[in-house]
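Visitor: Structure incoming, see below.
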Amino acid sequence: GNSVTQMEGPVTLSEEAFLTINCTYTATGYPSLFWYVQYPGEGLQLLLKATKADDKGSNKGFEATYRKETTSFHLEKGSVQVSDSAVYFCALSRGSNYQLIWGAGTKLIIKP
Amino acid sequence: ETGVTQTPRHLVMGMTNKKSLKCEQHLGHNAMYWYKQSAKKPLELMFVYNFKEQTENNSVPSRFSPECPNSSHLFLHLHTLQPEDSALYLCASSQDRRLTDTQYFGPGTRLTVL
């Protein structure tokens, strides 16, 4: 079946460090891939997405590339800020009902 | 007001109470969703409505009853809940139900069942 696996958190980094949050997926065919972010006390919001292989999604300094050969969609940012502290969710959209399949979320803590 | 709003933001109820959660979207979307978010678990999709018709019910217990009177409003009626139902309940909407559609989320209702 379809599934998404994210690295377990929390991930704790210092400000200006390089960030990678791993996400791998299992799906048939060609899913769309998403990263959503949830700031404390808020709902989820779309961070970036990619709809076909080799696409790169980017937003707010974050990037992720749709790698079909490794079934991955790792999230990266070159220099994190305290304001990036949040929970990050990887998700895929697949299937005849276009349901989103979610990862468990990775909590990111950035220390000044 | 824009986006997706949810009321109340916090709710504490006893197991014998009846309460309702409300969601409203101001985006002109056609699809609306209820999710349950529990600690350290993936988001659980509960219900999906498309053009006011329920299209998904992911084996949700009958103590949760959704209602979608129009494309902008979605309710979740709660009755005889259990303590394990305590969670953050998120509402979302999307333009349609296509593979590439983005879902827009409300801030959630934090529900505590005593």
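No value in this document is a laboratory result; all are computed from the given coordinates. Note that the structure is predicted; figures quoted are calculated from it, not measured. Backbone-built Cβ (ideal geometry, glycine too); neighbour counts: all protein chains shown.
Visitor: Only one of (1) touching a strand residue (DSSP E or B) at 6+ places or on another chain (Cβ under 6 Å); (2) within 14 Å of another protein chain (Cβ to nearest Cβ) is not met by A:Tyr30, so which one is it?
Guide: Only one criterion in (1) touching a strand residue (DSSP E or B) at 6+ places or on another chain (Cβ under 6 Å); (2) within 14 Å of another protein chain (Cβ to nearest Cβ) is unmet by A:Tyr30, namely (1).
Visitor: For the range B:1-85, please list each of the strands (runs of 3 or more DSSP E) lying entirely inside it that holds at least 2 residues being under 12 Å from the mean Cα position of the chain (by Cα) and under 17 Å from B:Gln103 (Cα atoms).
Guide: B:4-7, B:18-25, B:31-37, B:44-50, B:73-79
Visitor: Being in a strand (DSSP E or B) and within 7 Å of another protein chain (Cβ to nearest Cβ) is the filter here; which residues of the range B:88-107 pass it?
Guide: Hits for the range B:88-107 are B:Leu90, B:Phe105.
Visitor: Just a yes or no: is a residue in the range A:47-65 in contact (Cβ under 8 Å) with a residue 40 or more places away in the chain, closer than 18 Å to B:Gly108 by Cβ and among the hydrophobic types (A, V, I, L, M, F, W, C)?
Guide: The answer is yes; a qualifying residue exists.
Visitor: I've got another one for you. Quick check, is B:Arg110 among the charged types (D, E, K, R), part of a loop (DSSP other than H, G, I, E, B) and within 14 Å of chain A (Cβ to nearest Cβ)?
Guide: The answer is no for B:Arg110.
Visitor: Inside the range A:47-62, can you point out the residues that are in a strand (DSSP E or B) and surrounded by fewer than 17 Cβ atoms within 10 Å (Cβ to Cβ)?
Guide: Those that are in a strand (DSSP E or B) and surrounded by fewer than 17 Cβ atoms within 10 Å (Cβ to Cβ): A:Lys56, A:Ser58, A:Asn59.
Visitor: Follow-up. Of the conditions (1) part of a strand (DSSP E or B); (2) crowded, with 17+ Cβ neighbours inside 10 Å, A:Val80 satisfies every one except a single condition; which number is it?
Guide: Going through the list (1) part of a strand (DSSP E or B); (2) crowded, with 17+ Cβ neighbours inside 10 Å, A:Val80 breaks only (1).
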